[in-house]
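Trainee: Below is one structure. I have some questions about it.
The values are calculated or read from the model by the stated rules, or taken from the named source; none is laboratory data. None of these values were measured; they are calculated from a predicted model. For neighbour counting, all protein chains shown are included, and Cβ atoms are generated from backbone atoms with ideal geometry for every residue, glycine included.
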Amino acid sequence: MPIDPILDPSVLAKELSGYHLINGKLVAPKNGKTFDVLNPATGKVIGQAADGDADDVAIAVAVAKAGQKDWAERPARERGKLLAECGRILMSHSEELGRLVALESGKALRTESRVEASVLADMFVFFGGLASELKGETVPFNPNMMTLTTREAVGVVGAIIPWNVPMMLMAIKVAPALVAGNAVVVKSAEDTPLAVLRVCQIMQEVLPAGVFNILSGFGPSCGGPLVEHKDVKKVSFTGSVETGRTVYRAAAEKLIPVTLELGGKSPMIVMGDADLDKAIAGAIGGMRFTRQGQSCTAASRMLVHESLHDEFVKRLIDKVNTLKIGDPLDEETDIGTIINRKQFDKVCGYIEVGEKEGATKNELSALPTDSALSDGLFVRPVIFTNVDPNARIAREEIFGPVACVFKFKTFEEALELANDSDFGLAATVWTTDLKTALVATKRLEAGFVQVNQNLVVQPNLSYGGIKLSGLGKEASLESMLEHFTYKKTIILNME
Ligand code: ADP
């Protein structure tokens, strides 16, 4: 029976409250415990999340293990067609999903949440179409032996996801894992358990029960047991560097493969010959001001040639000042709220640190005046200039709407500054000179490098970082083959 979209997110939040989704059904946690889910724009409780623990992990993994056998035995293209069908159904629910994720995450509906909902659907359509690419090879080993390789599913995949783009970041794990014949158990992020639960519920209309399960709960008590479970054969994680290390250590104990998408402090080099209009638009988009800067790819280090620096800063300030901070569900709103009190305090703390470190603070746009939003976690975007490249605000990931602008004289100096970071997720260069563009793309130490644009994660483009930004790639054919299958070598002796 098709599920009808529910456009009032507060009704939906209540309906989904207190559940995991295991074996095709919403189920309460074994321990009966739940915790509150808040609307960060008002501080009000909108629903509850199941407070899952090792018992629920055990149930979900057992169900996934049982379901995976039949799933892997279906023809690859049949799995692909089902996933593409999920994408189409999710698209018909995109307004509903956009509203729900806006309510629980504080991301503005028009600029962010609605966009996320449509990219989510597109990811399933994209990966569904890749099913027939699960090919092996023949190997010229010995003329008397037929030697070939096949791609085999790894089994049960554990996926641990964050709160900033929960549906899309879940899709880039779940879609390739399922198409490749695995079953999945997702552990959602504490602050955003509802929209992803709804996605999973909608997909049950098409998928066999048990292949896609989702648990909510806290990191150490629910995510930890999932990573450690003996039948979880692969973990894909997106989150902080510190938790990524914990997950990696636990996976090392079991010697299972992991994919880690961690933090960033991405540089954006604006050369003296850059098209300034494009660079300003790219800085606004790249810094994800409309997502309150809550992005691992945020272009939070803007390195601008001295000839353009002052003009760049002036125009950037003017542009950010036009962005409206407000109720995430209001169509007029460009910028919503920070996700939770802990992050809010962290971001505000960094703004204070920046001032103490002697940088010049430009605090922009205006906080909402609506009394209904007086407890909302709104932060005005900040652009720091005159920043010491060794300052904490220049080196540490803030994960908030705080950008640092630096001035450089030579291209060499810009490249050195750009690469002088513990992170290596994304980088951009803005120039009208082909040679400069080519040299920059070669020398920038990052996994995702762009010239004169700053796109977000795209289906078909391998996305992932180096250094502390993580291990492995997502969103592409390569990610499906390398991260959700293993290669089996088969030799047939024909003598
Ligand atoms: P943040 O601090 O922004 O919440 P985290 O990296 O801690 O970032 O969280 C990302 C995801 O990792 C969340 O789903 C969280 O619950 C989960 N997580 C946190 N700690 C652990 C852990 N010890 N083991 C497994 N997952 C964890």
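Trainee: Here's a check for you: in the range 223-262, which residue that is crowded, with 20+ Cβ neighbours inside 10 Å and of a type in the set (D, E, K, R) is nearest to residue 187 (Cα to Cα)?
Mentor: Of everything passing the filter in the range 223-262, 234 is nearest to residue 187 (Cα to Cα).
Trainee: Could you say whether any residue in the range 147-161 is outside any strand (DSSP E or B), within 23 Å of the chain's Cα centre (by Cα), within 16 Å of the ligand (Cβ to nearest atom) and more than 25 Å from residue 78 (Cβ to Cβ)?
Mentor: Checking the range 147-161: at least one residue is outside any strand (DSSP E or B), within 23 Å of the chain's Cα centre (by Cα), within 16 Å of the ligand (Cβ to nearest atom) and more than 25 Å from residue 78 (Cβ to Cβ).
Trainee: Another question about this same structure. Looking at (1) within 16 Å of the ligand (Cβ to nearest atom); (2) hydroxyl-bearing (Ser, Thr, Tyr); (3) assigned to a helix (DSSP H, G or I), which is the only condition residue 337 fails?
Mentor: Evaluating residue 337 over (1) within 16 Å of the ligand (Cβ to nearest atom); (2) hydroxyl-bearing (Ser, Thr, Tyr); (3) assigned to a helix (DSSP H, G or I) leaves (3) as the failure.
Trainee: Still on this structure, please answer the following. Sort out which residues of the range 291-317 are outside any loop (DSSP other than H, G, I, E, B) and either within 25 Å of residue 468 (Cα to Cα) or aromatic (Phe, Trp, Tyr) (or both), and write them in order of number.
Mentor: Selection gives 291, 301, 302, 303, 304, 312.
Trainee: Looking at the range 277-290, which of its residues are of a type outside the set (Gly, Ala, Ser), buried (at least 18 other Cβ atoms within 10 Å of the Cβ) and outside any loop (DSSP other than H, G, I, E, B)? Write out each step before concluding.
Mentor: Of the residues in the range 277-290, the ones of a type outside the set (Gly, Ala, Ser) are 277-278, 280, 284, 287-290.
Subsequent filtering for residues that are buried (at least 18 other Cβ atoms within 10 Å of the Cβ) retains 280, 284, 287-290.
Answer for the range 277-290, where residues must be of a type outside the set (Gly, Ala, Ser), buried (at least 18 other Cβ atoms within 10 Å of the Cβ) and outside any loop (DSSP other than H, G, I, E, B): 280, 284, 289, 290.
Trainee: Take the range 451-480 and flag every residue that is farther than 22 Å from residue 133 by Cβ and crowded, with 20+ Cβ neighbours inside 10 Å.
Mentor: Within the range 451-480, 454, 465, 469, 470 qualify.
Trainee: Hey, can you tell me all the residues within the range 4-53 that are among the β-branched types (Val, Ile, Thr), modelled with pLDDT of 95 or more and touching a helix residue (DSSP H, G or I) at 6+ places or on another chain (Cβ under 7 Å)?
Mentor: Answer for the range 4-53, where residues must be among the β-branched types (Val, Ile, Thr), modelled with pLDDT of 95 or more and touching a helix residue (DSSP H, G or I) at 6+ places or on another chain (Cβ under 7 Å): 22, 37, 42, 46.
Trainee: Could you check residue 289 against (1) touching a Gly at 6+ places or on another chain (Cβ under 7 Å); (2) under 24 Å from residue 115 (Cα atoms); (3) away from the ligand (no atom under 13 Å from the Cβ) and say which number it fails?
Mentor: (1)
Trainee: Mind listing whichever residues of the range 112-141 are over 19 Å from residue 90 (Cα atoms) and either touching a residue at least 60 places away in the same chain (Cβ under 8 Å) or surrounded by 24 or more Cβ atoms within 10 Å (Cβ to Cβ) (or both)?
Mentor: Scanning the range 112-141 gives 133, 134, 136, 139, 141.
Trainee: Considering every residue within the range 349-356, establish whether at least one is in contact with a Pro (Cβ under 8 Å, 6 or more places away or on another chain), surrounded by 13 or more Cβ atoms within 10 Å (Cβ to Cβ) and touching a residue at least 40 places away in the same chain (Cβ under 8 Å).
Mentor: Looking for residues that are in contact with a Pro (Cβ under 8 Å, 6 or more places away or on another chain), surrounded by 13 or more Cβ atoms within 10 Å (Cβ to Cβ) and touching a residue at least 40 places away in the same chain (Cβ under 8 Å), one finds none in the range 349-356, hence no.
Trainee: Considering every residue within the range 253-270, establish whether at least one is closer than 22 Å to residue 30 by Cα, part of a strand (DSSP E or B) and within 14 Å of the ligand (Cβ to nearest atom).
Mentor: no
Trainee: Which of the residues that make up the range 434-446 are farther than 16 Å from residue 301 by Cβ and crowded, with 20+ Cβ neighbours inside 10 Å?
Mentor: Of everything in the range 434-446, just one residue is farther than 16 Å from residue 301 by Cβ and crowded, with 20+ Cβ neighbours inside 10 Å, namely 436.
Trainee: Let me ask you something else. Report yes if some residue within the range 157-171 is over 30 Å from residue 344 (Cα atoms) and either surrounded by 24 or more Cβ atoms within 10 Å (Cβ to Cβ) or modelled with pLDDT under 95 (or both); otherwise report no.
Mentor: yes
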